[in-house]
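The values are calculated or read from the model by the stated rules, or taken from the named source; none is laboratory data. Bear in mind the structure is a predicted one, so any value in this text is a computation, not a measurement. Cβ coordinates were reconstructed from backbone atoms using ideal geometry, including for glycine residues, and neighbour counts include every protein chain displayed. For the accessible areas, the whole protein counts, side chains as well, though only heavy atoms, and no ligand, DNA or RNA atoms are used. Shrake-Rupley method; radii C 1.70, N 1.55, O 1.52, S 1.80 Å.
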Amino acid sequence: MKKILILTNNDIGLYNFRKELPQQLLKTGYDVTIALPYGKQVDKFKEMGCNFIETPMNRRGMNVIQDLKLLIQYRAIIKKIKPNLVITYTIKPNIYGGIACRISKQRVIHTVTGLGSVFIRDLWIKKALIKLNQFAFKEACHIFFLNKENKDFYKNIKIIKDKQQVTVVPGSGVNLKEFQFNEYPNNENIKFTFIARVIKDKGIEEFLESAKNIKDKYSNIEFEVVGSVDEEIYLTKLKEYEKLKVINYLGHRYDIQEIIKKSSCIVLPSYGEGRGTVLQEGAAVGRPLITCDIYGCRDNVDDGYNGYLCKVADCKSLQNSMERFINLSFEEKKEMGLNSRVKAKKEFDRNIVIKSYINEINKIV
């Protein structure tokens, strides 16, 4: 039986956005092992038929000792499993999984799910990260990107070469059977919903400031923030804005689909995404979108058709986009939502993504 090893940094992302790939691999006769930190979704993968190897890691920041331990773990796992192919997702598995595969002369497919804060904020460790990526990606069999701009960026900084096999897929896609269309909410209040990790790069500061300004002008507008706080500074800020009755903070939630259904518009003013899965999920449910005119975000919105694009890190531009939406008639808002669903069915169907992976896996293995 052919063996596939999947390396990633957390169970939630793998289950929510990519579970259909191991399902399909198991169905077609592959033996599938996942290596990642333990989380609640791991048991669902076990029930599915996957093997599991617990692989602790610090997802954020670079710590030489911790990262060296992760590399050693990956090397040991590859030696034990002897997979026919390794598939990696996210930055650290791409780097340290890629290095372990190169040392082991192991075939590997990488997926670049986004650039991360290091490149978005141009942090001091960028040069070291580029060197590590160059070494890790050099012998990769295939590399998947979620948007063209990330692919071009990796080529420009020489992480990947022209001769390497590369595919751009429409993000992780959306399971359209799970995220079904839901009628647009018919109520007087308009609810803008921010769903993301609460960090600067996701545009939380612009969202909060715009919400405060809009609240001063309109009485029937609600703002929600959904997601775990990854940067401690925002815990205080969210409490402050809740106290002022500007937002409702719902914390980390698993019922994202239900939250989207009750929303009037999904807002993600991110500084850059792999592909902004929550935007695609919002579109699938039939909700208008507001996001930034930047890689991984703009691909999800046809400006004026199923939402609006605003400038990056620009509170005034975001506020203007939200006010444009507020001033639409109910029928115009509803039509935008219908257009989102049409776009989701045409462009974001997860089956498109899974077929691309299966085709490449079968070619390699």
How high is the relative contact order of the chain, given as a whole-number percent (alpha carbon pairs under 8 Å, six or more residues apart)?
15 percent
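Going through region 1-69, which trypsin sites (Lys or Arg not before Pro) have at most 15 other Cβ atoms within 10 Å and a DSSP loop state?
Sites meeting the loop and neighbour criteria: K2, K40, R59, R60.
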If I stretch the segment between Q66 and D43 completely, what's the gain in nm (0.36 nm per residue apart, minus their alpha carbon distance), one decimal?
5.7 nm
Would you please give the residues with an amide H less than 5 Å from that of H142, counting only those at least 5 places away or on a separate chain, with H modeled from the backbone geometry?
V108, H110
DSSP-assigned coil residues among GluC sites (Glu not before Pro) in region 122-181, each with at most 16 further Cβ atoms within 10 Å:
E139, E178
Chain lengthening between K127 and E205 when straightened (0.36 nm per residue, less Cα-Cα)
25.3 nm
Report the one residue of G97, N175, A76 whose Cα lies farthest in the direction of the positive end of the charge dipole of the chain (charges on C-beta: Lys and Arg +1, Asp and Glu -1; origin at the Cα centre).
A76
Carbon and sulfur atoms: what percent of the 1.4 Å accessible area of region 25-72 do they account for?
54 percent
Over all directions, average the projected area of the Cα convex hull of region 103-192 and note it in nm².
9.4 nm²
Measure out, as a whole number of angstrom, how far apart the alpha-carbon centroids of region 281-316 and region 150-164 sit.
26 Å
Toy charge model, Lys and Arg Cβ at +1, Asp and Glu Cβ at -1: region 250-322 dipole around Cα centroid in debye, rounded to 20, equals 180 debye
Put M57, M322 in order of accessible area, largest first, probe 1.4 Å, and you get M57, M322
Under-5 Å amide H pairs with N248, H placed in peptide plane, nonlocal only:
F223, E224, V225
Measuring from a point 7 Å past the Cα of Q180 along Cα-to-C-beta, which residues in region 238-272 have an amide N at less than 15 Å?
257-258, 261
Based on the Cβ-Cβ distance from K163 to E240, what FRET efficiency comes out when R0 is 45 Å, to the nearest 0.05?
0.30
Other-chain or far-sequence residues with amide H under 5 Å of V168's (modelled H):
F145
Using the structure shown, select from K163/K343; K92/K245; K215/K334 the pairs with a Cα to Cα distance greater than 31 angstrom.
K163/K343; K92/K245
Let's test the formula: R0 of 41 Å, r as the Cβ-Cβ distance of L26 and D152. What FRET efficiency results, to the nearest 0.05?
0.75
Explain nothing, just compute: Karplus ³J(HN,Hα) = 6.51 cos²θ - 1.76 cosθ + 1.60, θ = phi - 60°, for every residue of region 234-251 in order, whole Hz, x for Gly and Pro.
7, 4, 5, 5, 5, 4, 4, 6, 5, 4, 7, 6, 8, 10, 10, 9, 9, x
Provide the per-residue ³J(HN,Hα) series for region 159-167, in order, calculated from phi with Karplus coefficients 6.51, -1.76, 1.60 and θ = phi - 60°, each as a whole number of Hz, with x at glycine and proline positions.
6, 10, 10, 4, 6, 6, 7, 9, 10
Relative contact order for region 33-90 using alpha-carbon pairs under 8 Å, separation at least 6, rounded to a whole percent?
28 percent
Using the Karplus curve 6.51 cos²θ - 1.76 cosθ + 1.60 with θ = phi - 60°, work out ³J(HN,Hα) for each residue of region 184-197 in order, rounded to whole Hz, and write x for Gly and Pro.
5, x, 9, 9, 6, 6, 10, 10, 9, 10, 9, 10, 4, 4
With +1 on each Lys and Arg Cβ and -1 on each Asp and Glu Cβ, how big is the dipole of region 287-342 about its Cα centre, in debye rounded to the nearest 20?
140 debye
Any idea what diffusion coefficient region 309-365 gets from Stokes-Einstein, in µm²/s, Kirkwood Rh on alpha carbon pairs, 20 °C, 1.002 mPa s?
147 µm²/s
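Taking region 321-365, which chymotrypsin sites (Phe, Trp or Tyr not before Pro) meet the DSSP loop condition and have no more than 13 other C-beta atoms within 10 Å?
Working: sites: F325, F330, F348, Y357; in loops: none.
Taking region 321-365 and a limit of 13 other Cβ atoms within 10 Å, no loop chymotrypsin sites (Phe, Trp or Tyr not before Pro) are found.
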Taking region 252-315 and dividing mean pair separation by its residue count, relative contact order in percent (alpha carbons under 8 Å, at least six apart)
32 percent
Simple SL model, points at 7 angstrom along Cα→Cβ for N362 and K80; separation in nm is 3.2 nm
Helix-only mean residue ellipticity at 222 nm, the chain, DSSP H runs n ≥ 4 weighted -39,500 (n - 2.57), per residue, nearest 500. What is it?
-12500 deg cm²/dmol
How large is the charge dipole for the chain, taken about the Cα centre, if only the Cβ atoms of Lys, Arg (+1) and Asp, Glu (-1) carry charge, to the nearest 20 debye?
1740 debye
Where only protein heavy atoms count, and the probe is 1.4 Å, what is the accessible area per residue for region 56-101 in Å²?
48 Å²
Which listed residue (G29, T291, T277) has the Cα farthest towards the positive end of the charge dipole for the chain, taking +1 on Lys and Arg C-beta and -1 on Asp and Glu C-beta about the Cα centre?
G29
With point charges of +1 on the Cβ of Lys and Arg and -1 on the Cβ of Asp and Glu, referenced to the Cα centre of the chain, which listed residue (Y15, V166, I204) lies farthest in the positive direction of the dipole?
V166
